[in-house]
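The values are calculated or read from the model by the stated rules, or taken from the named source; none is laboratory data. Here the structure is a predicted model, which is why all the values come from computation and not from measurement. So basically every Cβ, Gly included, is an ideal-geometry build from the backbone, and we count neighbours across all protein chains shown. Protein only, heavy atoms only, side chains kept; ligands, DNA and RNA dropped before computing areas. Shrake-Rupley method; radii C 1.70, N 1.55, O 1.52, S 1.80 Å.
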Amino acid sequence: MRTLGLTAVLLAGSALTTPALAEGPKPIVEGKPLELSIQMNHARYPIYDENWPVEQQAREWTNIHLKDVTVGANMRTDENSGKTEALNLMLASGNIPDIVGSSRIKDFVNQYGPEGAFIPLNDLIEEHAPNLKAYFDERPEVASAISAADGNMYYIPYLPDGKYGRAYWIRTDWLDALGLDVPETVEEFEAALRAFKTQDPNGNGLADEIPYFVRQWPELVRLVTLWDGRSSGSDTYHDFLPVDGKMTHPYIGEGYREGIKNLARWYAEGLIDAEVFTRGGSARDFLLSENLGGATHDWFASTSGYNSLSSEIEGFEFKAMAPPASISGKRIEEHRRIPIKPDGWAIGYTNDHPVETIKYFDFWFTEEGRRLANFGIEGEQYDMIDGKAIFKQEFLDQGPVNRSLWQVGAQLGARGYFQDYGYEIQWSNEFALEGIDLYDQGDYLVDQFLGVSFNADEQKVYDKHWGTVRDYMLERQQAWILGSADIEAEWDDYMAQLDKLGLSEVLGVMQTAYDRQYSN
Ligand code: CA
C-alpha cells in the first residue's frame, strides 16, 4: 500500500523517479512551482490553509501552489441577499486574486464577471479541461444553471452527490406503546401527534410531550406540502417555484393558504412545539435527549444517530417514515440535495495564468483529484480497498466526519469539486440506510429550481422589491401560525399588499431570466 508519508519521503530524499511516483497525476507545470494567489471564504473554514494535507498533496501532484491572500476572513455570509461581505470587501480593495473561492459566490461572479472582474470559463474548459468538459457535456442543465446572463460560466461549483437530504422522523416506540401504526396520511399523522400530546407515551404521568418539533422553523412551514402547498422551490428556504415553465412563489398558492390555516389549528391544539420559532438549533438534541419530542423533519445521517439514545431511554426508537399522503393523496418529499451549490471558485481578471488555472480546476475532477477532495489522503484518512476509498475506523471515530474532513482540507464547498456520495454512506447508520431505502422505493422527490442569473437591470428590480416582499410574507406567515391573525380573513388583503410591494415585478424579472436560462 502506498502512503503519502512514504511518497513525501521519497520526494524529499531522492531525485530519482520511482514507480510509486509515476502513478500520480501529471504536473500541470514543469520545473519551478507556479504560485497562484487565492481568496477563500466559507463559514466552516474562514481562510485557505496552505498546510492542509489536501493542499500539500495537490501541490505535489500539480506543481501549482496556492498562496492564501484572503481578506475579510470570519465575515458572515448573508444568506438572505446571497452576497458575502468578504467578497464585497475584496472587490472594494481593487485587488482580485488569481483564484476566488467562496460560499454563495454564484450571484457575485455572475454580476461582476460580465463587467470584467472574472474570466469567462467556457473556452478555457473546451480547450484545456477534459474532465470538466466531460462533466458538463453529460449534464448540460448544470452548465445552463450556473451561466451568467451573458451566457458565460464564471465559476466552477461545488456539486453535491446523492439525492436525499431530509425526511420525516417519528418515535416508532411511542407509536407501538399507543397501539398506532406508522401514519400513512395527513389525517393519520395528525391523529398520531394528538395521541402523543394526550396519551403520555413517555409514561411520566405528565402531558409534557412535544409532538412536532424542528431545528429550523421553516421545517414547520414545510408541512404545507401535506395540504398540497409548497414551501420552497429548492433546497433554499422560501425560494421561487417554476410551475410548468411559469415562475411563481410558493407563498401565494392555494395549497399554502390551506396548509397554513391547518398548521395554525395544529399549533393552537398543541401539536406543534409552542417555541417552534424561537427554540432554534438545539431543539432536536434537547427534545430527543429529554424524551419529549415526537416527530420532526430533518437530515438522514445526523438524525439517525440519535438512536444511540436507546442506551439511556428504554426502548427509544426514532425512525424515518415515508411522507404522509396529502389531502389529495400526493406523497412528496420537498427537500432534496440540490445538484449544484452556489458555492465554488472563479478566476480573477488579473490572473496571468488562466490556462494553468483551468487545468488546476480540472485536476479536481480527475479520479485522483476527486478522491483527494472527497476523502483526504490515502493512508491517513482512508485506504484503498477493492478499488474504493474506505475511511479508516480510527478516522471515523474522531468525531463528526465533516468537521474532521474540513480540518484536512477535504469536502470544501468553496472549492469547485464533484462530491462522491460514497464518502457519506460509510458513516450513515442502519436507521439512515433503511430510511433512504424507504424513500428510494417511494420515489417521493420533486424537481428542484436551480436558480437564475439576472442581468444588471433585472438585478435592480429584484434588489428593489424582493427583500420587502419576503419580509412581509414571513411576518404574516408567523402571525397566522401563532394565531395572532387569521389567514382566511386576511388573504385578499395579503395578495393585494404583495402586489403593491412589487411581487409581480419580481416575478416578471424572474420569468425573463428563467426563459433565457432554460429555454435552450
Ligand atoms: Ca408525558
Exercise for the section: Sequence neighbours fewer than 8 away in the same chain don't count; with that in mind, list the lysines whose C-alpha is under 21 Å from Lys341. Expected result: Lys83, Lys106, Lys133, Lys163
Completion exercise
With Cα coordinates, the longest principal axis of the chain makes an angle with the long axis of helix 487-501, in degrees rounded to 10, of 40 degrees
Fill in the blank from the handout: For segment 227-276, the accessible surface attributable to carbon and sulfur atoms (probe 1.4 angstrom, ligands and nucleic acids excluded) amounts in percent to 49 percent
Handout entry: For the chain, accessible area per residue (1.4 Å probe, heavy atoms of protein chains only), Å²
Key = 43 Å²
Exercise for the section: Name the long-range amide H neighbours of Lys67: under 5 Å, sequence gap of 5 or more, or other chain; modelled H, no Pro or chain starts. Expected result: Leu36, Ser37, Ile38
Handout entry: Ordering of 157-164, 488-495, 429-436, 37-44 by burial proxy (mean other Cβ atoms within 10 Å per residue, highest first)
Key = 37-44, 157-164, 429-436, 488-495
Handout entry: Candidate aspartates and glutamates - alpha carbon under 17 Å from Lys500, same-chain residues fewer than 8 apart omitted
Key = Asp463, Asp471, Glu475, Glu490, Asp492
Handout entry: Value at 222 nm in deg cm²/dmol, rounded to 500, when DSSP H runs of n ≥ 4 in the chain each add -39,500 (n - 2.57)
Key = -12000 deg cm²/dmol
Practice task
Give, in whole angstrom and from largest to smallest, the semi-axes √(5λ) of the equivalent ellipsoid of the chain, with λ running over the eigenvalues of the Cα gyration tensor.
Solution key: 43, 31, 18
Fill in the blank from the handout: Ignoring ligands and nucleic acids, Asp437 exposes an accessible area, probe 1.4 Å, in Å² to the nearest 10, of 80 Å²
Completion exercise
Share of accessible surface on carbon and sulfur in segment 319-411, whole %, 1.4 Å probe and ligands ignored, is 46 percent
Problem - Surface accessible to a 1.4 Å probe, Thr350 within the full protein complex, Å² - result: 70 Å²
Exercise for the section: Under 14 Å from the Cβ of Val446, count the other residues' Cβ atoms, weight Lys and Arg +1, Asp and Glu -1, and hand me the total. Expected result: 0
